[in-house]
1. Take residue 111 and residue 3, extend 7 Å from each Cα along the Cα→Cβ direction, and tell me the distance between the two endpoints in nm.
2. What FRET efficiency comes out for residue 38 versus residue 62 if R0 is 22 angstrom and r is the Cβ-Cβ distance? Round to the nearest 0.05.
3. How large is the Kirkwood hydrodynamic radius of the chain, in angstrom, based on all distinct alpha carbon pairs?
4. Assuming R0 = 22 Å, what is the FRET efficiency of residue 93 and residue 29, from their Cβ-Cβ distance, to the nearest 0.05?
5. Would you mind ranking 84, 74 by Cβ crowding within 10 Å, fewest neighbours first?
6. Using r as the Cβ-Cβ distance of residue 86 and residue 22, and R0 as 25 Å, what FRET efficiency do you calculate, to the nearest 0.05?
7. Highest mean first, how do 3-11, 57-65 rank when packing is the count of other Cβ atoms within 10 Å averaged over residues?
8. With an 8 Å cut-off on Cα pairs and a minimum separation of 6 or more residues, tell me the relative contact order of the chain in percent.
């Protein structure tokens, strides 16, 4: 348990994130989520578009690889968006995603302005 006797240095952590360039990527992902929430209906009024509930907003070209919201985004399950292929014992099999191999067909690419 870190920070048992001292308060967590949120301001310092934020400055370190900005220095590493993480803030811009995080803001790009947040803009994509907000654009989808604005575009699609939210019938249960929880602030998240019904199409997006329990899922991730994935980018056609990954942000780490120079992509942006302009390249297009789509809705994908969290396991499909975040994980690499694993065997039955949960050991890593491949560090190349299906999307990178071209095996996966993108479902309903959403173009954002």
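1. Here the answer is 4.3 nm between the modelled labels.
2. Values: r = 23 Å, r/R0 = 1.05.
After rounding to 0.05, the efficiency reads 0.45.
3. Details: mean 1/r = 0.0606 Å⁻¹.
Final number for the Kirkwood radius of the chain is 16.5 Å.
4. Numbers: r = 27 Å, r/R0 = 1.21.
Between residue 93 and residue 29 the formula returns 0.25.
5. On the way: 84 12, 74 17.
Starting with the residue having the fewest Cβ neighbours, the order is 84, 74.
6. Efficiency at R0 = 25 Å is approximately 0.45.
7. Working: 3-11: 7.3, 57-65: 16.2.
Highest to lowest by the protection proxy: 57-65, 3-11.
8. Answer for the chain is 19 percent.
Every number in this text was worked out from the coordinates using simple rules, so none of it is lab data. This is a predicted model, so every value here is computed, not measured. So basically every Cβ, Gly included, is an ideal-geometry build from the backbone, and we count neighbours across all protein chains shown.
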